[in-house]
Amino acid sequence: MNPTQFDAKQIVGAAKAGGFKGIIVVAKHHDGLCLWPTKTTDHNISQSPWRNGKGDMIKEYQLACDALGLKLGIYCSPWDRNNANYGKPEYLEIYRNQLKELYANYGPLFTSWHDGANGGNGYYGGAREVRNIDRTTYYDWENTWAITRKMQPNAVLFGDVGPDTRWVGNEMGHAGETCWATYTPVAPDEGRKPANGYVKSELGTEGTRNGKYWIPAECDVPLRPGWFYHAAQDPQVKTSAELLDLYFQSVGRGAALDLGLSPDKRGLLADQDVASLKRFGDLLKQIFAVNLAQGAELKASNIRGNNRATYGPQFLLDKDRYSYWATDDQITKPELILTLSGQKTFNIIQLRENIKLGQRIEAVAIDIMDAKGEWKEIGTATSIGSNRLIRLNENVTAKKVRLRITGSPVCIALSDFGLFKEPEHLRAPEIVRAKSGIVTITSAYRKSPVHYTLDGSEPVLSSPVYTKPFLLAKGGTIKARNLSAGLWGDIVTKIFGIGKMDWKVLGTSDASHPEYAIDEDEKTNWNTLSPELIKDLPCEVAVDMGKEELIKAFTYLPRQDHIDEGLIGQYLVSISDDGVNWREARRGDFHNIEANPVQQLIILDQPVKARYFKFSALKINNGKGISVAELGVVTVL
C-alpha cells in the first residue's frame, strides 16, 4: 500500500464541489488493513512504505475535512479477512478497541457506519478458509454500539436495520417512491432478534408506515459501476445528469445520498470523477438558488386555532426548518393557494414537514390555474417527511398554484414549500447492439442530432452524427448524446465486447435456453431455476466463438429484472483451444451483486488466446439454480 500522490484535500474538495456535506472514510475494509497506526494489529499503515511508515491516512482526511468545512465519519468493517481471531470471541475485543482508537483520536464524528458484512472466505492469519459467524449474536451490537454512544454521542449509527439510519435495501442509490422514515425491523427467523446484516429490501426501500422506530433510509451507490477503482471503468463514471436523477430518487424522497468515491492507485480521484462531481454540484446550486414561491401571497383553508402568528402559512417561506403551517385537529385535508409575484416557470416542487412532530402527510396534489381560470393538476406525491421533491415531466408557467393535502391521518405540520426551475436538458439516447454486431441508437429528440464517439471520449459538436445503424463487431466503448445549439444532452455510455454473430453454445439440448446468455438481449435470461436444484454445481455453459480471439476480460451481466434469485456469488472462467481440454483463466467472487446487479468486468492478469470459453457458477447466492442475462468477451480495454 503506497499511493504515490495521495491528497485527502483533493478527494474531500471534490466531494464538497459535488454538494456533499460529509465524508465517510473507510478506515478498515474487509481485507483488514487499518489505514491508521493502530495498536490492535500489525496489519496497518505503519507497516507500509507510505510516508516511510509514519503516515496516518485517517488523520489526513480529518485535517482536510476541518480545512474545507466538511464533517467526518468513519467506517471500520466488522468483517476482517486477515485477522487470525476472526470468528472467535477474541476478535470482538480487537474490533471494539479499533473503534475506540478511531473515536478517541479523530475529532467529532457525524456518523459511525457499520454494514452487514458477516464472514466468508479469507486469509485469517494465513489460513485460507471460510469462517462463518452468527450475525445476530457474534458482534453483540447492543454493547458494541454502546461504545459509540459513550465516546461519540453525536455520531449517527448507520446499520442495515439502524439503529439511527438504515440501509435502503439496494446499492443503486434510490429509495421507494413512497418512503417512510419510520421502520419496524423484521427478524430473520421466528423468535430471533433483528440484527445488522438482515434487511428486507422492500422494507428498506419504503420503510414502515407507523413503524416502531424513527430510522430514516440512507441510499448508497458508487460513482462508478463498482466500489473500487478500475481504469477500464473510466468511461462509465456517472454523469451529472445521472447523479441528479439519483438525487431526486434519494434526497428527494426524504433519504440521504451516500455516494461511493474510488481513489486510484495514485491516491487521487480520476479527472472524470472530479469533473462529474463539479458539474453535479454546480447543477444543484443553479436549481435551488432561487425559490420562485418567495414573495407569494398565501391563503390557507384553515389555520390552527386561527392563530396566524404561530401557525400561519407564511412560515412555509421563512427558511426556518422547524417553523410550520398547522391546521386544527379535525382538518386533515386542507388546501393552500399561492398567488405568485408574477408568472413563474418551474418544474420542481419542494415540500417539507416539521419532522420534530413526525411524518404525517400521506398524499398531496399540486394544481395550477390555467388561462381559462380553471385548476389543472400537475403533480402528486405520497410520503413527505424531511424532504420531498416532485419533479415534473415538463415546465409549467403559472401565477396561481394550489397545494391540496389529499391524505393525512392527523392535522398537518408543514414546514417548507418551494418552486424551482431545473435547467432544460435532453435525456440520453438509447444504444442497442444486436447479435449481428449492428448498433442502433435511438432518441426521442428528432430535431437534435445524436453525436457519438467510439474511443471513450465525450461527444462534442465535431463528433460524428448518427444517421443509420453501423457494425461494431470487435466491440468498444460508445458514448452518445443529443447536441444542438446551446443545448447539450445527457450522455449514455455502453461498453461492448466482441460481436457474437458466430457464437454458439456447445452441444446442449438444455431446455433452460443457455443461448439466451449470448443473444445480446438484456431482457432474456439463461436460468436453471426450479423448485429443486436440478443441476449440481457447478452450473456452466461453454461457448464456441467461431475463431481464436485475444481475450483481455470477460463480462457477466446479472439478470436485470430486480429479482435476486439465481445471482452468482462465485465463478470460474475456463478457456480452450479445442472445446475439450480446458484451462483456468480466472476465478473469483461477485461481491454485493444482489444490491448492485450491474455488469461485472472480469479482467485477466494477462491477455490469453482462445476460441472457446466456459463460464461456471460455483456458488449460488439465492435460489435453486442460476440466472445469467449476458456473457461477453472484451478484447480492447
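Quick note: the coordinates plus some simple rules give every number you see, no bench work behind them. Note that the structure is predicted; figures quoted are calculated from it, not measured. A quick note on method: Cβ atoms are made from the backbone with ideal geometry, for glycine too, and the neighbour counts reach across all protein chains shown.
For LYS88, the lysines whose Cα falls under 22 Å of its own Cα, not counting residues fewer than eight places away in the same chain, are LYS28, LYS39, LYS100, LYS193. Across the range 8-285, C-alpha contacts under 8 Å between residues 6 or more apart give a mean separation that, scaled by the residue count, equals a relative contact order of 16 percent.
Each Lys and Arg adds +1 at its Cβ and each Asp and Glu adds -1 at its Cβ; summed about the Cα centre, the chain shows a dipole of about 1520 debye. With the helix formula -39500 (n - 2.57) applied to DSSP H stretches of n ≥ 4, the chain reaches a computed 222 nm mean residue ellipticity of -4000 deg cm²/dmol. When only alpha carbons are used to place a centre, the range 295-346 and the range 229-282 end up 37 Å from one another. Summarising the amide proton neighbourhood of LYS624: residues at separation of 5 or more, or on other chains, whose placed amide H is nearer than 5 Å comprise SER530. Close lysine pairs were tallied over the range 504-634: pairs 8 or more places apart or on different chains with Cα atoms under 19 Å apart number 10. Subtracting the Cα-Cα distance of ASP536 and ASP282 from 0.36 nm times their residue separation leaves 86.1 nm of extension gain. Any of LYS319/LYS400; LYS356/LYS399; LYS16/LYS356; LYS299/LYS376 with alpha carbons more than 23 Å apart? Name them for me. LYS356/LYS399; LYS16/LYS356, as the Cα separations exceed 23 Å there. Both radii were evaluated on the Cα set of the range 510-569; the Rg over Rh quotient, with Rh as the Kirkwood radius, amounts to 0.97. Excluding same-chain neighbours fewer than eight residues apart, the lysines reachable from LYS9 by a Cα-Cα span under 18 Å are LYS21, LYS59, LYS71, LYS265, LYS278.
Provide the net charge surrounding GLY476, with neighbours chosen by a C-beta distance below 12 Å and charges set as Lys +1, Arg +1, Asp -1, Glu -1. Neighbour charge sum, excluding GLY476 itself: +3. Compactness ratio for the range 504-634: Cα radius of gyration over 2.2 N^0.38 Å (N = residue count) comes to 0.98.
Amide H contacts for GLY162 (H built 1.01 Å from N in the peptide plane; partners 5 or more residues away or on another chain; cut-off under 5 Å): TRP167. Along the charge dipole of the chain, Cβ charges K/R +1 and D/E -1, which of TRP375, ALA309, TYR213 sits furthest on the positive end? Result: ALA309. Considering the dipole of the range 504-634 built from charges on the beta carbon (Lys and Arg +1, Asp and Glu -1) around the Cα centre, which of ALA629, VAL505, THR528 is farthest to its positive end? The listed residue farthest towards the positive side: VAL505. Projecting the Cα atoms of ALA473, ILE551, GLY73 onto the dipole axis of the chain, where Lys and Arg carry +1 and Asp and Glu carry -1 at the beta carbon, places GLY73 farthest toward the positive end.
Restricting the chymotrypsin sites (Phe, Trp or Tyr not before Pro) of the range 417-519 to loop positions (DSSP other than H, G, I, E, B) with no more than 16 neighbouring Cβ atoms within 10 Å leaves TYR445.
Cross-link partners for LYS468 among the aspartates and glutamates, with Cα-Cα distance under 16 Å and sequence neighbours closer than 8 places in the same chain left out: GLU430. Label-to-label distance, ALA309 versus LYS212, with points set 7 angstrom from Cα along the beta-carbon direction: 4.5 nm.
In percent, rounded to a whole number, the relative contact order of the chain is 9, using alpha-carbon pairs under 8 Å and six or more apart. Working note: Cα gyration tensor of the range 215-285, eigenvalues times five, square-rooted, sorted largest first, giving semi-axes of 22, 14, 10 Å.
If you take the Cα centroid of the range 1-65 and the Cα centroid of the range 518-580, the two points sit 38 Å apart.
Out of the trypsin sites (Lys or Arg not before Pro) in the range 1-53, which ones are loop residues according to DSSP with at most 13 other C-beta atoms within 10 Å? Counting only loop positions with at most 13 other Cβ atoms within 10 Å, the trypsin sites (Lys or Arg not before Pro) in the range 1-53 are LYS21, LYS39. Over all directions, the projected convex hull of the C-alpha atoms in the range 430-496 averages 4.2 nm² in area. Checking every one of the trypsin sites (Lys or Arg not before Pro) in the range 513-586 against DSSP loop status and a limit of 16 other Cβ atoms within 10 Å picks out LYS523, LYS535.
Counting every pair of alpha carbons in the range 8-285, the share spaced more than 31 Å apart comes to 27 percent.
Where in the range 1-42 does the amide nitrogen come within less than 13 Å of the point 7 Å from the Cα of LYS265, taken along Cα to Cβ? Counting backbone N atoms under 13 Å from the label point, the list is 1-5.
Applying 1/(1 + (r/R0)^6) with r as the Cβ-Cβ distance of ASP578 and ASN85 and R0 = 41 angstrom yields a FRET efficiency of 0.30. Taking GluC sites (Glu not before Pro) as exposed when DSSP calls them loop and at most 11 other C-beta atoms lie within 10 angstrom, the chain has its longest site-free stretch at 1-189. Evaluated over the Cα positions of the range 297-420, the convex hull gives a direction-averaged projected area, one quarter of its surface, of 7.0 nm². P(r) tail for the range 28-152: Cα pairs beyond 19 Å make up 49% of the total. With R₀ set to 41 Å, the beta-carbon distance separating GLU335 from GLU424 gives a calculated FRET efficiency near 0.85.
Magnitude of the charge dipole for the range 8-285, about its Cα centre and with charges confined to Cβ atoms of Lys, Arg (+1) and Asp, Glu (-1), is about 620 debye. Taken over the alpha carbons of the range 442-538 as equal point scatterers, the Debye sum produces base-10 log I(q)/I(0) values at 0.12, 0.17, 0.18 Å⁻¹ of -0.58, -0.84, -0.89. Placing +1 on each Lys and Arg Cβ and -1 on each Asp and Glu Cβ, with no other charges, gives the range 430-496 a dipole about its Cα centre of roughly 260 debye. For the chain, the C-alpha radius of gyration divided by 2.2 N^0.38 Å, with N the number of residues, is 1.05.
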